[in-house]
Amino acid sequence: MKFLHKTYEGKKKEIIEVEIDKPTKVKFMTAKEYKAYTNGKTHSYFGGTYEESPVRFVIPYDGNWNVVVEKGTLRQPLAVSASCRLTMPNSQVRTSLAADAPAHVRELELSAGQEENG
């Protein structure tokens, strides 16, 4: 599998912002999980498939964070362009919700948004 990769030394509540030019999978993971990913092993990550930019990830704790933008699959490669940057904490910014997020995560996000607006 081909992918784009960038590592950031991030602090809790800083934001990694990723711009993508077409729908694709964006993953945010620790160094340990990134190593498992590159070795084709089972790995954990934050993120998922995103259909629009920007994709934002609020860092949950200090550490080295890896951003992976997948370029399709081996059988269906995808020409994807992406850029990313680390920004300062902003209490108004939430982590982007992936299009393939489980239903219970989507419901939780919708109810949190309604509480903020209500």
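General observations
- Subset of the range 56-89 (residues that are small (Gly, Ala, Ser) and free of Cβ contacts under 8 Å to residues at least 60 places away in the same chain): GLY63, ALA79
- Identity of the residue in the range 12-71, touching a Gly at 6+ places or on another chain (Cβ under 8 Å) and surrounded by fewer than 18 Cβ atoms within 10 Å (Cβ to Cβ), that ends up nearest to ALA98 (Cα to Cα): THR30
- The range 56-81, residues that are farther than 23 Å from LYS32 by Cα and hydrophobic (A, V, I, L, M, F, W, C): LEU74, LEU78, ALA79, VAL80
- Lone qualifier among LYS32, LYS41 - being modelled with pLDDT of 90 or more and assigned to a helix (DSSP H, G or I): LYS32
- So GLU52, is it of a type in the set (Asp, Glu), modelled with pLDDT of 85 or more and touching a Pro at 6+ places or on another chain (Cβ under 6 Å): no
The values are calculated or read from the model by the stated rules, or taken from the named source; none is laboratory data. Quick caveat: nothing in here was measured; it's all calculated off a predicted structure. Please note: Cβ atoms are built from the backbone with ideal geometry, for glycine as well, and neighbour counts cover all protein chains shown.
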